[in-house]
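First comes the structure, then the notes that go with it.
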């Protein structure tokens, strides 16, 4: 393998191996609601576009989108989180079952509605987003119930992914217990961070912040940028601080059109340029990255192989509209010469 790609034969080998790597996803579960339409005029009531309704669609979002990224790769996956006792929860469960995601870890309660994000899209452009959600942290009782469900399912699991979107499921007590559970059993633990939460993220297997989140976690200002990440002294300083203070086994920084930066303590960072041909929608791209990287490591890939696979997977999903996934066939095809 060279520094930029993986052979097609190796990709086939890893895709076969991932089907045996069971993964648990814990976090903020959402329902993504898309309203699709067209704009032909501006409203006479206010300087805003009038969207003429064409259709609507629903997709699992948040932690549920991480889970569907895994099952799209034929990986046994169970999802843990909370939903309300409402129509949105019923719809979300139906969608998840269609996509073969285990829903036994979804706790229903009347005190918290199911998180719903409604995006209005016209001519392939998002016009506005409406959020219906609760953001208060889970009660101690609910947290313990959720952890009990995870403990019952953790055996024979390759990895756990914590998907934090700041909606209250991922609390410090939940994260601390997950660290203990995974450490005791040697289970890989990944987390996509939300710096606004101010959680103690020390000692995780993988954290996958984007550039903005990297600087927020490092408590540094993002003052200058360089097209070459290695010449970006600000970025390197932030990455080194996170490696030193949080001590993850792997820090994977996603950089949008610049690809991603794979960082480990005591080693030179490795830059993987993006392979995206066209970018229509970045919604959910971070979900694809953490799902594919974690899955690949669980299947026996090296860290560099996992980063390259997740970079290819992200390049595929950003070329689709809405929160999307990639299939094994699409991923394999992305490694074949054009």
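The values are calculated or read from the model by the stated rules, or taken from the named source; none is laboratory data. Since this is a predicted model, take the numbers as computed values, not measurements. Here Cβ is always computed from backbone atoms with ideal geometry, including for glycine, and neighbour counts include all displayed protein chains.
If I filter region 269-286 for residues that are in contact with a helix residue (DSSP H, G or I) (Cβ under 8 Å, 6 or more places away or on another chain), in a helix (DSSP H, G or I) and farther than 24 Å from residue 302 by Cβ, do I get at least one hit?
There is no residue in region 269-286 that is in contact with a helix residue (DSSP H, G or I) (Cβ under 8 Å, 6 or more places away or on another chain), in a helix (DSSP H, G or I) and farther than 24 Å from residue 302 by Cβ.
Out of 201, 252, report the one residue that is surrounded by 14 or more Cβ atoms within 10 Å (Cβ to Cβ), in contact with a helix residue (DSSP H, G or I) (Cβ under 7 Å, 6 or more places away or on another chain) and not in a strand (DSSP E or B).
None of the others qualify; the one that does is 201.
Does residue 125 fit the bill of being modelled with pLDDT of 95 or more, out of contact with any helix residue (DSSP H, G or I) (no Cβ under 7 Å at 6 or more places or on another chain) and over 21 Å from residue 175 (Cα atoms)?
No; evaluated as a whole, the condition is false for this residue.
Might you check whether a residue that is within 30 Å of residue 130 (Cβ to Cβ), in a loop (DSSP other than H, G, I, E, B) and under 27 Å from the mean Cα position of the chain (by Cα) occurs anywhere in region 17-27?
No, every residue in region 17-27 fails to be within 30 Å of residue 130 (Cβ to Cβ), in a loop (DSSP other than H, G, I, E, B) and under 27 Å from the mean Cα position of the chain (by Cα).
Conditions tested, residue by residue: (1) without any contact (Cβ under 8 Å) to a residue 24 or more places away in the chain; (2) over 25 Å from residue 291 (Cα atoms); (3) more than 21 Å from the chain's Cα centre (by Cα).
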{"site": "100", "(1), (2), (3)": "no, no, no"}
{"site": "103", "(1), (2), (3)": "no, no, no"}
{"site": "109", "(1), (2), (3)": "no, yes, yes"}
{"site": "114", "(1), (2), (3)": "no, no, no"}
{"site": "127", "(1), (2), (3)": "no, yes, yes"}
{"site": "131", "(1), (2), (3)": "yes, no, no"}
{"site": "139", "(1), (2), (3)": "yes, yes, yes"}
{"site": "142", "(1), (2), (3)": "no, yes, yes"}
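Can you tell me which residue is nearest to residue 59 (Cα to Cα) among those in region 95-112 that are touching a helix residue (DSSP H, G or I) at 6+ places or on another chain (Cβ under 7 Å) and not in a strand (DSSP E or B)?
96
So, in region 60-77, how many residues would count as being in a helix (DSSP H, G or I) and under 13 Å from residue 162 (Cα atoms)?
Going through region 60-77 one residue at a time, the tally reaches 5.
So, residue 119, is that one under 30 Å from residue 40 (Cβ atoms), under 20 Å from the mean Cα position of the chain (by Cα) and either modelled with pLDDT of 95 or more or not in a loop (DSSP other than H, G, I, E, B) (or both) or not?
yes
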